[in-house]
Amino acid sequence: MRQAVIVADSTADIPQSIASELGIHIVPMRLAFGDQSFVEGVDITAEEFYAKLTKSRELPTTSQTSPSQYAEVYRGLLDAHPGAPIISIHISSGMSGTYQSARLAKEMIEEELGQESGITVIDSLCASYGFGLQVVHAARLAGQGATVERIREEVERLGRERRLYFLVDTLEYLQKGGRIGKAAAILGNLLNIKPILSVDREGVIYAVDKARGRKKALSRVIELFVNDFGESKDLNVAVCDGVNPEGAAEMLSLLSQHFTLHEVVRTSIGAVVGTHVGPGILAVFMWPASGAGE
């Protein structure tokens, strides 16, 4: 069997250098500021997006890639890599219809072929590098000649073992996007409340805790990770931000005081996810170093 081809949508927030090195095929999502349309990571960078976001009175709109667009991607890959299986990993179905679009595209291809396509579509049940880390691990395993079954097992294992928390600098964007009420957003901002959020086993965002002020919030995140991993001190980490490099550096410094960090990834939260959380977002993803990311 030929080496598996790995596909992901752009909300995985995988650094371009890593995606290129591992041959990961990124399918970009789209967004629009009014009548201006952009393709995430292609004709608008994260930096350009956040600069526009802070000046915009209304949130941009985001749109998932359609089944027909995914079918086109799959056709191209099947032609370019005859006989190779395709593993397509996507943002949580609890946050987006992207996974369903990819599933429908697979069905379209199989109807055209009149047989199994060799395409496997996986719901990551996460967002940003929370599933980017699964994609990267899948690509590394594919490069080692692992079977589809082994890769799927490993992707699912990482989904169970990863832990993540994220902070937003302001509740304004969650309020604009309808995630919380206006009164709660105003009160939270006045009191300098920093919600600590995560993603549950069903792939849905939920509130874990809250703290008053950034330093207390960062300290609380460290406590949560210590509770999560206990005596397991050897970990990989990814720290992702919008326009908050100082917060990312501080978080990495704190983590290094409590854990032995192996692979360390720094990346940006892209435009589609950033639309709903704002430029001050700081997300941290951790997973055991043994067997993954090495």
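The values are calculated or read from the model by the stated rules, or taken from the named source; none is laboratory data. Computed from a predicted model, the values in this text were never measured in an experiment. Cβ coordinates were reconstructed from backbone atoms using ideal geometry, including for glycine residues, and neighbour counts include every protein chain displayed. Surface areas here come from the heavy atoms of the whole protein model, side chains and all, with no ligands, DNA or RNA. Shrake-Rupley method; radii C 1.70, N 1.55, O 1.52, S 1.80 Å.
A Förster radius of 35 Å, combined with the Cβ-Cβ distance separating Thr61 from Ser17, puts the computed FRET efficiency at roughly 0.75. Local charge for Gly41 was computed over the other residues whose Cβ lies under 15 Å away, with Lys and Arg +1 and Asp and Glu -1, and equals -4. Relative to the current alpha-carbon distance between Ile193 and Glu223, full extension at 0.36 nm per residue lengthens the span by 9.0 nm. Taking the chain as a Gaussian network of alpha-carbon nodes connected by springs under 10 Å, the highest mean-square fluctuation of the residues Ser96, Ser117, Ser253 belongs to Ser253. Using the Cβ-Cβ distance between Glu202 and Asp43 with R0 set to 30 Å, the FRET efficiency from 1/(1 + (r/R0)^6) comes to roughly 0.35. Taking a point 7 Å out from the Cα of His81 in the direction of its Cβ, the residues of the range 1-16 whose backbone N falls within less than 11 Å of it are 2-8. From the alpha carbon centroid of the range 118-139 to that of the range 1-36 is 11 Å.
The angle between the Cα long axis of helix 214-229 and the main principal axis of the chain comes to about 50°, on a 0 to 90 degree scale. Ranked by solvent-accessible area (1.4 Å probe, protein heavy atoms only, all chains present), the residues Val136, Val42 order from largest to smallest as Val42, Val136.
When all protein chains stay in place and ligands, DNA and RNA are ignored, the 1.4 Å accessible-area order of Lys55, Lys194, Lys210, Lys233, largest first, is Lys55, Lys210, Lys233, Lys194. Note that the chain shows a convex hull volume over its alpha carbon atoms of 123 Å³ per residue. With a 1.4 Å probe and all protein chains left in place, how much of the accessible area of the chain comes from carbon and sulfur atoms, in whole percent? Carbon and sulfur: 50 percent of the exposed surface of the chain. On the beta carbon distance between Glu111 and Glu263, with R0 = 30 Å, the FRET formula returns roughly 0.15. Distance between the C-alpha centres of the range 241-286 and the range 41-86: 22 Å, rounded to the whole angstrom.
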